[in-house]
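Take a look at the structure below.
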Amino acid sequence: MAINQRAKGARGERSAAAYLRGLGFDCDRAARLGKRGGEDLMFKQHPHLSVEVKRVEAMTDHGAAMDSAIQQAQERNPVAWAVLWRRNRQPWRLTFHAGAPGVRVTVVGDARIRVALLWLAAQDEPIDEQKMDDAARHAT
């Protein structure tokens with residue numbers, strides 16, 4: 001990978017981590033925490049959640065770049081994975097599985113992304129009903 005691509009990836013990961021912290025998630029870049037070859041982002045309260053970050057202008061919710069990102073995320077956790085992505089001057093989007101094999105959903109918007117990540121995190125851990133209720137209330 002070229003140095004320019006690596007720097008762009010690191011900028012995208014920093015931007016994504018700041019965005020998710022703004023949504024109330026305690027997360028940081030895995031590389032900043034000394035982790036290599038794993039998730040792009042690490043969540044303190046949801047360590048099993050695998051989120052791949054992409055800042056690719058040609059990215060769509062279907063296509064080769066998305067398929068590659070999903071494969072990377074699924075290798076780390078086949079249940080609780082997501083791809084957080086955006087193009088230049090566009091809002092963040094989150095693509096994730098919808099509970100059935102081969103079905104994926106892309107959501108846009110702070111409240112929807114927050115609810116989706118909480119739902120994904122609950123797939124591998126006991127559900128915190130209060131957290132889910134609060135997130136759903138804020139999504140409307």
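The values are calculated or read from the model by the stated rules, or taken from the named source; none is laboratory data. In this text the structure is predicted, and so the values were computed from the model without any measurement. Positions of Cβ are generated from backbone atoms using ideal geometry, with glycine treated the same way; all protein chains shown enter the neighbour counts.
Do the conditions hold for Ala111, that is, is it free of Cβ contacts under 8 Å to residues at least 24 places away in the same chain and either closer than 17 Å to Arg6 by Cα or not in a loop (DSSP other than H, G, I, E, B) (or both)?
No.
Within region 50-68, which residues are among the charged types (D, E, K, R) and in contact with a Gly (Cβ under 8 Å, 6 or more places away or on another chain)?
So in region 50-68, the residues among the charged types (D, E, K, R) come out as 52, 54-55, 57, 61, 67.
Hits for region 50-68 are Lys54, Arg55.
Any residue that is buried (at least 19 other Cβ atoms within 10 Å of the Cβ), in contact with a Leu (Cβ under 6 Å, 6 or more places away or on another chain), within 19 Å of Val56 (Cα to Cα) and at pLDDT 90 or above - is there at least one of those in region 69-82?
Taking region 69-82 as the starting set, the residues that turn out to be buried (at least 19 other Cβ atoms within 10 Å of the Cβ) are 69, 73, 80-82.
Now drop any that are not in contact with a Leu (Cβ under 6 Å, 6 or more places away or on another chain), which leaves 80, 82.
Subset that is within 19 Å of Val56 (Cα to Cα): 82.
Now drop any that are not at pLDDT 90 or above, which leaves none.
No - not one qualifying residue is present in region 69-82.
Quick check: is even one residue across region 83-90 farther than 19 Å from Lys8 by Cβ, touching a residue at least 12 places away in the same chain (Cβ under 8 Å) and either acidic (Asp, Glu) or surrounded by 14 or more Cβ atoms within 10 Å (Cβ to Cβ) (or both)?
Checked against the condition, which is being farther than 19 Å from Lys8 by Cβ, touching a residue at least 12 places away in the same chain (Cβ under 8 Å) and either acidic (Asp, Glu) or surrounded by 14 or more Cβ atoms within 10 Å (Cβ to Cβ) (or both), region 83-90 yields no hits at all.
In this structure, does Val108 turn out to be among the hydrophobic types (A, V, I, L, M, F, W, C), loosely packed, with under 14 Cβ neighbours inside 10 Å and at pLDDT 90 or above?
Yes; evaluated as a whole, the condition is true for this residue.
Specify the residue that is surrounded by the most Cβ atoms within 10 Å (Cβ to Cβ); the eligible residues are those in region 1-35 that are in a loop (DSSP other than H, G, I, E, B) and at pLDDT 70 or above.
Looking at residues that are in a loop (DSSP other than H, G, I, E, B) and at pLDDT 70 or above, I get Phe25.
Could you check Glu39 against (1) surrounded by 14 or more Cβ atoms within 10 Å (Cβ to Cβ); (2) at pLDDT 75 or above; (3) not hydroxyl-bearing (Ser, Thr, Tyr) and say which number it fails?
(2)
Could we say that Ala64 is modelled with pLDDT of 75 or more, farther than 14 Å from Trp92 by Cα and touching a Ser or Thr at 6+ places or on another chain (Cβ under 6 Å) here? Walk me through how you get there before you give the answer.
Numbers: modelled with pLDDT of 75 or more: yes; farther than 14 Å from Trp92 by Cα: yes; touching a Ser or Thr at 6+ places or on another chain (Cβ under 6 Å): no.
It is false that Ala64 is modelled with pLDDT of 75 or more, farther than 14 Å from Trp92 by Cα and touching a Ser or Thr at 6+ places or on another chain (Cβ under 6 Å).
Tally up the residues in region 36-76 that are part of a strand (DSSP E or B) and aliphatic (A, V, I, L, M), please.
Filtering region 36-76 down to residues part of a strand (DSSP E or B) leaves 41-43, 50-54.
So of that shortlist, the ones also aliphatic (A, V, I, L, M) come out as 41-42, 51, 53.
Total satisfying the criteria: 4.
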